[in-house]
1. Restricting attention to the range 63-153, which chymotrypsin sites (Phe, Trp or Tyr not before Pro) occupy a DSSP loop and are surrounded by at most 13 other Cβ atoms within 10 Å?
2. If neighbour count is taken as other Cβ atoms inside 10 Å, put 53, 137 in order from fewest to most.
3. Treating the beta-carbon of each Lys and Arg as +1 and of each Asp and Glu as -1, no other charges, what is the dipole magnitude of the chain about its Cα centre, to the nearest 20 debye?
4. Can you list which of the GluC sites (Glu not before Pro) found in the range 124-153 are DSSP loop residues with at most 11 other C-beta atoms within 10 Å?
5. Would you grab the residues whose amide H sits under 5 Å from the one on residue 28? Only those 5+ places off in sequence or on another chain, please, with H modelled 1.01 Å from N.
6. Tally Lys and Arg at +1 and Asp and Glu at -1 over the other residues with C-beta under 12 Å from the C-beta of residue 75: what net charge comes out?
7. For a test of the definition: using alpha carbon positions, the gyration tensor, and the 1.5 limit on a/c, classify the range 53-142 as rounded, prolate or oblate.
8. In whole Hz, with x marking every Gly and Pro, tabulate ³J(HN,Hα) for the range 120-133 from phi via Karplus 6.51 cos²θ - 1.76 cosθ + 1.60, θ = phi - 60°.
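A short reminder: the numbers here are calculations on the coordinates, not readings from a lab. What you see is a predicted model; the values in this text were computed from it and never measured. Because the Cβ atoms are built from the backbone with ideal geometry, glycine has one as well, and the counts that use them run over all protein chains shown.
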Amino acid sequence: MIIAITGTPGTGKTTLAKKIADYKGFTYVDVYDLIEEKGLCEEFDKDRDCMVVDVDKVVQEIIKIKKEHPDLVIDSHLSHHIPKKYIDILIVTKCDLKELKKRLEKRGYSPTKVRENLDVEIFDICLQEATQEQHKVIIINTNKKIKVESLGI
Ligand SMILES: Nc1ncnc2c1ncn2[C@@H]1O[C@H](COP(=O)(O)OP(=O)(O)OP(=O)(O)O)[C@@H](O)[C@H]1O
Ligand SMILES: [Mg+2]
């Protein structure tokens, strides 16, 4: 079974993914690490301060991991681009804007990067794209501490 978590940077994907992996005894997969480990970053987009990644290659690596570890929690803002057939549950983390702004500023992100990420959240990009790709979506607000037991997954 694969539970994948997507959402705007800072909305709490990693925090939640680790909790779920722990609770369900699933293997946690940090896609950022995977990209680095396997050299899946095609280039670095300086203007947008982000990596350009081939999602197909990421999927191939995830399939390889799944052969040895059948139950996975995938942590990445790219999760919703993984074809639906591989994903059992897609979680979209969301967070109130004031709180998100605080979290991103605390990380030392530039005002432009904070603004860009807030826009991603305002326009609900991850959720929109996930819906377009017809994923079965669960939305989780991470403003407050989450009790994994109560998520019903
Ligand atoms: N449910 C929550 N309640 C309170 N604080 C939270 C919650 N989830 C996350 N946070 C806080 O928000 C910050 C960002 O969380 P996290 O690193 O999990 O986000 P992320 O979505 O993985 O970010 P990125 O996309 O950059 O990897 C952290 O400081 C974390 O402690
Ligand atoms: Mg993270």
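1. Numbers: sites: 86, 109, 123; in loops: 109, 123.
When the chymotrypsin sites (Phe, Trp or Tyr not before Pro) of the range 63-153 are filtered for loop state and at most 13 Cβ neighbours within 10 Å, 123 remain.
2. Details: 53 19, 137 16.
Lowest to highest Cβ neighbour count: 137, 53.
3. Working: 26 positive and 27 negative charges, 148 e Å.
Value, rounded to 20: 700 debye.
4. Working: sites: 129, 133, 149; in loops: 133.
Listed in order of number, the matching sites amount to none.
5. Residues meeting the amide H criterion: 73.
6. Values: positive: 13, 18, 19; negative: 30, 33.
Here the count lands on +1.
7. Working: a/c = 2.19, a/b = 1.82, b/c = 1.20.
Judged from the Cα gyration tensor, the range 53-142 comes out prolate (a/c at least 1.5, a/b above b/c).
8. For the range 120-133, the Karplus-derived couplings read 4, 6, 4, 8, 6, 4, 4, 5, 4, 5, 5, 5, 4, 7 Hz, x marking Gly and Pro.
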